[in-house]
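A.B. asks: Have a look at this one.
The values are calculated or read from the model by the stated rules, or taken from the named source; none is laboratory data. For clarity, every value in this text was computed on a predicted model and none was experimentally measured. Because the Cβ atoms are built from the backbone with ideal geometry, glycine has one as well, and the counts that use them run over all protein chains shown. Please note that ligands, DNA and RNA were not included when accessible areas were found on the heavy atoms of the full protein model with its side chains. Shrake-Rupley method; radii C 1.70, N 1.55, O 1.52, S 1.80 Å.
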Amino acid sequence: MTGWILFGTFVIMLLIGVPIAMSLGISTALTILISPEINLSLNIITQRIFGGLDSTSIMAIAFFVLAGNIMTKGGISRRLCDFANSIVGGFRGGMALAMVVACAFFAALSGSAPATVVAIGVMLYPDMVRLGYPKERVAGLLVVSGGLGPIIPPSIIMVVYATITGASVGDMFKSGMSIGLAIAVVLIIVVLVIANKESWPKTKEKMTMKQFGISFVKAIPALFLPVIILGGIYSGILTPTESAAVACIWSLIASMFIYKEVKVKDLYAIFLDSAKSSAMILFIIATSTAFAWLFAFSGISTALVNFVINMNLSATAFCLVVAIILLIFGVFLEGIATAVLMVPILWPIAQSLGVNVIHFGMIVSIANVVGTMTPPVAVNIFAAASVTKLKMGSIAKGQLPFFIGYLAVFFLVVFFPQLSTMFIK
């Protein structure tokens, strides 16, 4: 009875358009009030909400959001695009290759898929269309390449997952780095095939070593950010939260004093946008913590664990089932909401089957990124539409070959745990 009330109320709230965070909170409160099996005070919700945010790791989310906004406004993305173009711009479809490489660079700074789509799309999309690249294909590539944002560290979704499960953020980032680079390579291969098949433009002017050197020097302050973020974490000098804070400081220095594209008057808008984005994410985490706690307290999660164990599924079969469930949820729910809602339910089952916490975390992370590309709740497509002014249907059609490549890597990760754990001690 409790489970039906809890999930039934949540689904109804979503269907009538109530925001996800409010839907989670309302369904939790109503279940406590009307379920005959629950005898609790509503005060427990307040306790669980504040308890869900009582973690220093969660502070990293706000810092990464702020750092990403500063970098987007501060000209850092443009320097990365120029540097990426100097590396691969001479091939057929070279600017499309540069888009993938630039997204990989920016992913190592922002941790956000929509931020990567907007930052790189604004820089490259207009020039690519002007040179004769097909609009729908370029927009589709932008959507899928932006999906490198939450995989190549730092990653907001990985920080959320580590907070829920107790996994090492550093180990999650190491795994994300290798898998993110694998996805980038697959996208580059797909671009090369499509570019030759559809005769995409080829840059006639060859990039000289002098031009390469100039673009590299200009990009050094931007490229120094991943060194700060990842080097600080992997060396043990900084925690993920501390490295995110230092990244904010360095991005401010680079944007205000080196590139000189952010003025003091711009800071208010940057801080306000960052506060709004962070508050939205943290509110979802807070209310979903209370929702997940009630789910466990009522005994539903224990019954679900026992049910799955009695099915005698292998660890691989279970991971495949989880992958499909997460892909389905990703179609309708925002990624972080899916993670904080499903991980507390699914991780105990995975743990009982001996699934590695980092492997499971990569399944969760990549599945949530795939959700950003699948309508109707496809934030990457929304972001690309805002940049390109194309319809969602056209963008979804244009992304298909790149999306298939991304999905192929995802299922390789599902079936081969070694891909997630090869660099983890």
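A.B. asks: Test of understanding: among T46, T9, which residue is more than 24 Å from the chain's Cα centre (by Cα) and open to solvent by less than 30 Å² (accessible area, probe 1.4 Å)?
C.D. replies: T9
Residue by residue, here is whether (1) modelled with pLDDT of 95 or more; (2) under 20 Å from the mean Cα position of the chain (by Cα); (3) among the β-branched types (V, I, T); (4) assigned to a helix (DSSP H, G or I) holds:
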position	(1), (2), (3), (4)
P348	no, no, no, yes
Q351	no, no, no, yes
H359	yes, yes, no, yes
V370	no, yes, yes, yes
V377	no, yes, yes, no
A385	no, yes, no, yes
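A.B. asks: Could you please let me know if V322 is touching a residue at least 60 places away in the same chain (Cβ under 8 Å), touching a Phe, Trp or Tyr at 6+ places or on another chain (Cβ under 9 Å), on the phi < 0 side of the Ramachandran plot and part of a helix (DSSP H, G or I)?
C.D. replies: Considered against the rule, which asks whether it is touching a residue at least 60 places away in the same chain (Cβ under 8 Å), touching a Phe, Trp or Tyr at 6+ places or on another chain (Cβ under 9 Å), on the phi < 0 side of the Ramachandran plot and part of a helix (DSSP H, G or I), V322 comes out as no.
A.B. asks: For the stretch 288-295, does any single residue satisfy the condition of being surrounded by fewer than 21 Cβ atoms within 10 Å (Cβ to Cβ) and over 30 Å from I76 (Cα atoms)?
C.D. replies: yes
A.B. asks: Considering only residues of the stretch 128-170 that are more than 25 Å from A396 (Cα to Cα) and among the small types (G, A, S), which is surrounded by the fewest Cβ atoms within 10 Å (Cβ to Cβ)?
C.D. replies: Result: G166.
A.B. asks: Also: List the residue pairs whose Cβ atoms are under 7 Å apart, where the first residue sits in the stretch 222-237 and is in contact (Cβ under 8 Å) with a residue 24 or more places away in the chain, the second is among the aliphatic types (A, V, I, L, M) and crowded, with 20+ Cβ neighbours inside 10 Å, and the two are 6 or more positions apart or on different chains.
C.D. replies: That search, which allows pairs on different chains as well, returns A222/I76; A222/L80; A222/A254; L225/L109; L225/A247; P226/A108; P226/L109; I229/A247.
A.B. asks: Working carefully through the options I237, I189, find the one that is closer than 20 Å to G93 by Cβ and open to solvent by 20 Å² or more (accessible area, probe 1.4 Å).
C.D. replies: The conditions single out I189.
A.B. asks: State which residue is modelled with the highest pLDDT when the search covers only the stretch 262-305 and only residues that are closer than 30 Å to A67 by Cα and of a type in the set (S, T, Y).
C.D. replies: Y268
A.B. asks: In the stretch 32-43, which residue that is at pLDDT 80 or above and surrounded by 17 or more Cβ atoms within 10 Å (Cβ to Cβ) is nearest to L294 (Cα to Cα)?
C.D. replies: I32
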